[in-house]
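Remarks on the structure that follows.
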Amino acid sequence: PGIAGDLWIAGGGKGLLHSTDGGRTFETLTTVKSASALGFGKAKPGTNYQALYLIGTVKDVTGVFRSTDKGATWLRVNDQAHQWGAIGGTGVITGDPDTFGRVYVGTNGRGLQYGDPARR
């Protein structure tokens, strides 16, 4: 995501892998049980690292997630009513490069969905 040597791999059932040395070594993020797809978006205001967007399973919950702290914590951004054709098995995801929190999801035959953060 714009940082030399910084690599992320959605490893399916092996979870989410992160390297900071150009791929010589990888760390597996323990909270991510599976990772079908990974994308990047604009950083949260006040931070400089891009937001991560994940289709996968975090702490035994399958869905669409966002992290603003390099994968240390994850916020689910969909709900059980919006699984869009079993997104946990396949799918494509990316964050918007210009709008923090906006996510685009390819939905396994149900079109392209996008969402913005809820206003609270």
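Miscellaneous remarks
- When residues of segment 44-59 are limited to those that are touching a Phe, Trp or Tyr at 6+ places or on another chain (Cβ under 6 Å) and either over 20 Å from Thr30 (Cα atoms) or not hydrophobic (A, V, I, L, M, F, W, C) (or both), the one surrounded by the most Cβ atoms within 10 Å (Cβ to Cβ): Gln50
- Filter result for Ala72 (at pLDDT 95 or above, surrounded by fewer than 15 Cβ atoms within 10 Å (Cβ to Cβ), closer than 20 Å to Thr31 by Cα and in contact with a Ser or Thr (Cβ under 9 Å, 6 or more places away or on another chain)): yes
Table: residues versus (1) assigned to a strand (DSSP E or B); (2) of a type outside the set (Gly, Ala, Ser).
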{"position": "His18", "(1), (2)": "yes, yes"}
{"position": "Gly22", "(1), (2)": "no, no"}
{"position": "Ser34", "(1), (2)": "yes, no"}
{"position": "Ala43", "(1), (2)": "no, no"}
{"position": "Gly46", "(1), (2)": "no, no"}
{"position": "Tyr49", "(1), (2)": "no, yes"}
{"position": "Leu54", "(1), (2)": "yes, yes"}
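- Screening Phe40 with (1) under 24 Å from Tyr114 (Cβ atoms); (2) at pLDDT 95 or above; (3) crowded, with 19+ Cβ neighbours inside 10 Å; (4) not acidic (Asp, Glu) gives one miss only, at (3).
- Test for Lys33: is it basic (Lys, Arg) and surrounded by fewer than 17 Cβ atoms within 10 Å (Cβ to Cβ): no
- Phe100 meets each of the listed conditions (1) modelled with pLDDT of 90 or more; (2) touching a Phe, Trp or Tyr at 6+ places or on another chain (Cβ under 9 Å); (3) surrounded by 13 or more Cβ atoms within 10 Å (Cβ to Cβ) apart from (2).
The values are calculated or read from the model by the stated rules, or taken from the named source; none is laboratory data. Quick caveat, the model's predicted, so the values are computed rather than measured. All Cβ positions, even for glycine, are placed from backbone atoms using ideal geometry, and neighbour counts span all protein chains on display.
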